[in-house]
Amino acid sequence: MMRATPETLKSRMRVTTMREVFRRLAKYSGQRIVDEMAEEGVKAMWDEVRWVARCECGGAEVVDPAEPVFFCCSCGNAGVGGRWRPVVFPEDVEVSDADK
């Protein structure tokens, strides 16, 4: 089974940014995004072929280091009032070009 990556999600949805991906997913799931950045970030982790960030509600979303924003489609970022959350990527994880 192929795992979704930022590139595959953007391609399937015919959009160019992760914000657009999250907006579409939020609309589909009935969530509302407040177009402001919250101070409280989420940590990214490498998951074999992609970066993923996990929300405190238990939901998780694919994230992109080139556009470090997060929106949880499970809870709608309820803990921060529906605002975008910044993504913090670890500096000590090596990802080879073959894995990107």
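The values are calculated or read from the model by the stated rules, or taken from the named source; none is laboratory data. Since the model is a prediction, treat every value here as computed from it, not as a measurement. Because the Cβ atoms are built from the backbone with ideal geometry, glycine has one as well, and the counts that use them run over all protein chains shown.
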Where a residue in the range 9-27 is under 13 Å from residue 63 (Cα atoms) and its partner, wherever it lies, is surrounded by fewer than 17 Cβ atoms within 10 Å (Cβ to Cβ) and of a type in the set (Val, Ile, Thr), with Cβ under 9 Å and at least six apart:
9/15; 10/16; 10/17; 21/15
From the residues in the range 43-89 that are in a loop (DSSP other than H, G, I, E, B) and of a type in the set (A, V, I, L, M), which one is nearest to residue 23 (Cα to Cα)?
66
Those residues of the range 1-52 which are touching a strand residue (DSSP E or B) at 6+ places or on another chain (Cβ under 7 Å) and of a type in the set (D, E, K, R), in sequence order
19, 36, 40, 43, 50
For the range 28-48, give me the residue count where each residue is in contact with a Gly (Cβ under 9 Å, 6 or more places away or on another chain) and either touching a residue at least 40 places away in the same chain (Cβ under 8 Å) or among the aliphatic types (A, V, I, L, M) (or both).
8
Suppose we keep only residues that are loosely packed, with under 14 Cβ neighbours inside 10 Å, polar (S, T, N, Q) and assigned to a loop (DSSP other than H, G, I, E, B) within the range 1-42. Which one would you say is modelled with the lowest pLDDT?
29
Return the residue satisfying two criteria in turn: it lies in the range 70-80 and is over 17 Å from residue 90 (Cβ atoms) and of a type in the set (A, V, I, L, M, F, W, C), and of such residues it is surrounded by the fewest Cβ atoms within 10 Å (Cβ to Cβ).
78
Taking only the range 49-65 into account, find how many residues are over 14 Å from residue 90 (Cβ atoms) and either touching a residue at least 60 places away in the same chain (Cβ under 8 Å) or surrounded by 12 or more Cβ atoms within 10 Å (Cβ to Cβ) (or both).
9
